[in-house]
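Asker: Here it is: the structure, laid out below.
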Amino acid sequence: MIDRRHMMAGLGALGLAGGLISAAARAAAPVLSGLTPMTGDVRPISAAERAERLAQARALMKAHGIDAVLIEPGASLVYFTGVEWHRSERLTAALIPAEGPLLVVTPFFEEPSVRQTLAVPAELRVWQEDESPFALIAGFLKDQKLPARTIGIEETARYFASDGLARLTGAKLVSANPVVRGCRMIKSAAEIALMQKAADITIAAYRFTLPRIEAGMSPGDIGAIMNAATAKLGGSPEFALVLIGPAAALPHGSREPQRVAPGAVVLMDCGCAVEGYQSDISRTFVFGAASAEQRRVWDQVRQGQQTALAAARIGTPAGTVDDAVRRLYQSWGYGPDYRLPGLSHRTGHGIGLDGHEPVNLVRGEQTRLAAGMCFSNEPGLYLPGKFGVRLEDCFYMTEAGPRWFSTPPRSLDAPLG
């Protein structure tokens, strides 16, 4: 669920040698030597698949009357071009025209670095510090004799990028969602394989971490072990959110001090990336003996997860998945709607190169489910002042129905199955 990324390379990133985390967490470090990377069989996205993506984008552009699409650095730029870059006040961007060569513009001194990850044929034009990148784009369109009446802007692009483009080209700006979402929402077999590997690594890291949790540990202690194991297994750690006791009732965490103690709920929400494709898995357990209330809520969340999966059918509006869960929870006295105690957030979100992608499993979402769409399934229950339970596993749609990337646990006593 988490949409904040804690980029930690492992125990060392938190100053393990300097004693910034507990002795219990430090004691786990030598055991990491027993973990081996799980990524030996990983296959990156091929050049042929990237060419297919561009061909599909151009077909969608023509279908929607869009002459070109502007994309800034981020997951969509990686998706279409392979370029892994950061956003700054100096524009690096790609322009994908409906016809003709792809353009990448970047500052002159950044060109060698940008070329290192460029994975598709493209014309690369550079601008100096006293020049306008938008003039380069306008010049490219003129040189190629390409129409630029309507340009689609990828939804995360910043205002200065779209405004500068409009001023120099005079084009009408529209949303590029029909093109970008039209491509990215439907995952290929290669993409699903990478997401499966990320999920497998996260589950393996959980299996390493949970037995090493001890009384007195803080969320940072536990997260450091989880991220270190993830990195050793070959994944790129994206986040490791750990919530203990009453903090587990706050879906994205609390600044209050937290320590593991007997009878405390421990909610972990962790994920990694493989070739950029992400996992997002949550597990909730009780340290020591669980109360009857904790068991009841855990079992209810498990049933909520299964209800969501059963509602996910090809051709069904995505929002109906959320509706099914809320009906169930309301029948037990939770809510209603998003009120607490109950489910205060959507049932799930899209996932892929971004941890959160369109579309969401949320009330009112009319996008119909189709084969290749990927979602989280996380209908948590939160009891303010007490605890929260979230079980989160991702699934992908097939013509035969949804399939899990990770198998949900069946019992609070076996939180990893």
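The values are calculated or read from the model by the stated rules, or taken from the named source; none is laboratory data. Just so it is clear, the structure is predicted and the values come from calculations on it, not from any experiment. So basically every Cβ, Gly included, is an ideal-geometry build from the backbone, and we count neighbours across all protein chains shown.
Asker: Could you please let me know if Gly182 is under 20 Å from Arg90 (Cα atoms), among the small types (Gly, Ala, Ser) and modelled with pLDDT of 95 or more? Break it down into steps so the answer makes sense when it comes.
Answerer: Values: under 20 Å from Arg90 (Cα atoms): no; among the small types (Gly, Ala, Ser): yes; modelled with pLDDT of 95 or more: yes.
Judged against the criteria, Gly182 is not a match.
Yes/no per residue for (1) under 20 Å from Lys386 (Cβ atoms); (2) out of contact with any Cys (no Cβ under 6 Å at 6 or more places or on another chain); (3) at pLDDT 95 or above; (4) surrounded by fewer than 24 Cβ atoms within 10 Å (Cβ to Cβ):
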| position | (1), (2), (3), (4) |
| --- | --- |
| Ala198 | no, no, yes, no |
| Tyr206 | no, yes, yes, yes |
| Leu210 | no, yes, yes, yes |
| Ser218 | no, yes, yes, yes |
| Ala249 | yes, yes, yes, yes |
| His252 | yes, yes, no, yes |
| Val286 | yes, yes, yes, yes |
| Val297 | yes, yes, yes, no |
| Gln303 | yes, yes, yes, yes |
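Asker: Of everything in the range 33-62, what is in contact with a helix residue (DSSP H, G or I) (Cβ under 8 Å, 6 or more places away or on another chain) and in a helix (DSSP H, G or I)? Give them in sequence order.
Answerer: Glu49, Arg50, Arg53, Leu54, Gln56, Ala57, Leu60, Met61
Asker: Would you check which residues across the range 55-114 are among the acidic types (Asp, Glu) and either within 23 Å of Leu146 (Cα to Cα) or more than 24 Å from the chain's Cα centre (by Cα) (or both) and list them? Reasoning before the result, please.
Answerer: Looking only at the range 55-114, we keep the residues that are among the acidic types (Asp, Glu), and these are 67, 72, 84, 89, 99, 110-111.
Once the filter is applied, which keeps residues that are among the acidic types (Asp, Glu) and either within 23 Å of Leu146 (Cα to Cα) or more than 24 Å from the chain's Cα centre (by Cα) (or both), the range 55-114 yields Asp67, Glu72, Glu89, Glu99, Glu110, Glu111.
Asker: Restricting the search to the range 272-296, which residues are among the aliphatic types (A, V, I, L, M), touching a residue at least 40 places away in the same chain (Cβ under 8 Å) and farther than 17 Å from Pro211 by Cα?
Answerer: Residues satisfying the conditions are Ala273, Val274, Ile281.
Asker: OK, next. Which residue out of Val266, Val321, Val286, Val325 is within 20 Å of Asn377 (Cβ to Cβ), in contact with a strand residue (DSSP E or B) (Cβ under 6 Å, 6 or more places away or on another chain), assigned by TED's automatic domain parsing to the domain that holds Cys374 and of a type outside the set (Ser, Thr, Tyr)? Give the derivation first.
Answerer: Working: Val266 fails: within 20 Å of Asn377 (Cβ to Cβ); Val286 fails: within 20 Å of Asn377 (Cβ to Cβ); Val325 fails: in contact with a strand residue (DSSP E or B) (Cβ under 6 Å, 6 or more places away or on another chain).
The match here is Val321.
Here's the yes/no breakdown for (1) assigned to a loop (DSSP other than H, G, I, E, B); (2) touching a helix residue (DSSP H, G or I) at 6+ places or on another chain (Cβ under 6 Å):
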| site | (1), (2) |
| --- | --- |
| Val242 | no, yes |
| Ala248 | no, no |
| His252 | yes, no |
| Arg259 | yes, no |
| Pro262 | yes, no |
| Val265 | no, yes |
| Met268 | no, no |
| Cys272 | no, yes |
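Asker: When the residues of the range 339-348 are narrowed to those that are under 16 Å from Glu365 (Cα atoms) and out of contact with any Phe, Trp or Tyr (no Cβ under 7 Å at 6 or more places or on another chain), which ends up surrounded by the most Cβ atoms within 10 Å (Cβ to Cβ)? Let's see the steps before the verdict.
Answerer: Of the range 339-348, the ones under 16 Å from Glu365 (Cα atoms) are 345-348.
After this cut, where a residue has to be out of contact with any Phe, Trp or Tyr (no Cβ under 7 Å at 6 or more places or on another chain) as well, the list is 345-347.
Working: His345: 18, Arg346: 21, Thr347: 29.
The selected residue is Thr347.
Asker: Scan Arg53, Arg87, Arg58 and give me the residue that is buried (at least 16 other Cβ atoms within 10 Å of the Cβ) and either farther than 26 Å from Gly355 by Cβ or among the small types (Gly, Ala, Ser) (or both). Before the answer, list the steps.
Answerer: Details: Arg53 fails: either farther than 26 Å from Gly355 by Cβ or among the small types (Gly, Ala, Ser) (or both); Arg87 fails: either farther than 26 Å from Gly355 by Cβ or among the small types (Gly, Ala, Ser) (or both).
Arg58 is the lone residue from the list that is buried (at least 16 other Cβ atoms within 10 Å of the Cβ) and either farther than 26 Å from Gly355 by Cβ or among the small types (Gly, Ala, Ser) (or both).
Asker: Right, another one. Going through Asp163, Asp143 one at a time, which residue ends up being under 22 Å from Glu72 (Cβ atoms) and either among the β-branched types (Val, Ile, Thr) or surrounded by fewer than 15 Cβ atoms within 10 Å (Cβ to Cβ) (or both)? Reasoning before the result, please.
Answerer: Details: Asp143 fails: under 22 Å from Glu72 (Cβ atoms).
So the residue among Asp163, Asp143 that is under 22 Å from Glu72 (Cβ atoms) and either among the β-branched types (Val, Ile, Thr) or surrounded by fewer than 15 Cβ atoms within 10 Å (Cβ to Cβ) (or both) is Asp163.
Asker: I need the full set of residues from the range 351-379 which are in contact with a helix residue (DSSP H, G or I) (Cβ under 9 Å, 6 or more places away or on another chain), part of a strand (DSSP E or B) and within 20 Å of Ala324 (Cβ to Cβ), in order please.
Answerer: Filtering the range 351-379 for residues in contact with a helix residue (DSSP H, G or I) (Cβ under 9 Å, 6 or more places away or on another chain) gives 351-354, 357-367, 369, 372, 374-375, 377-379.
Okay, now just the ones that are also part of a strand (DSSP E or B), so 357-361, 374-375, 377.
Passing the criteria: Val359, Asn360, Leu361, Cys374, Phe375, Asn377.
Asker: Taking into account only those residues within the range 172-227 that are polar (S, T, N, Q) and within 30 Å of Pro257 (Cβ to Cβ), which is farthest from the chain's Cα centre (by Cα)? Spell out the reasoning first.
Answerer: We begin by selecting, within the range 172-227, every residue polar (S, T, N, Q); these are 175, 177, 188, 196, 202, 209, 218, 227.
Next cut, within 30 Å of Pro257 (Cβ to Cβ) only: 202, 209, 218, 227.
Numbers: Thr202: 13, Thr209: 22, Ser218: 25, Asn227: 16 Å.
Across the range 172-227, the extreme among qualifying residues is Ser218.
Asker: Which of the following residues is in a strand (DSSP E or B), more than 18 Å from the chain's Cα centre (by Cα), hydroxyl-bearing (Ser, Thr, Tyr) and farther than 23 Å from Ser188 by Cα: Tyr329, Tyr338, Tyr334, Tyr382?
Answerer: Working: Tyr329 fails: in a strand (DSSP E or B); Tyr338 fails: in a strand (DSSP E or B); Tyr334 fails: in a strand (DSSP E or B).
When all the criteria are applied, what remains is Tyr382.
Asker: Testing Ser132 on (1) touching a residue at least 12 places away in the same chain (Cβ under 8 Å); (2) hydroxyl-bearing (Ser, Thr, Tyr); (3) closer than 30 Å to His356 by Cβ, one condition comes back false. Which one is that?
Answerer: (3)
Asker: Condition first: in contact with a strand residue (DSSP E or B) (Cβ under 8 Å, 6 or more places away or on another chain) and exposed (fewer than 15 other Cβ atoms within 10 Å of the Cβ). Now tell me which residues in the range 112-123 satisfy that. Before you say what the answer is, go through the steps one by one.
Answerer: Filtering the range 112-123 down to residues in contact with a strand residue (DSSP E or B) (Cβ under 8 Å, 6 or more places away or on another chain) leaves 114-115, 118, 122-123.
The answer is Arg115, Glu123.
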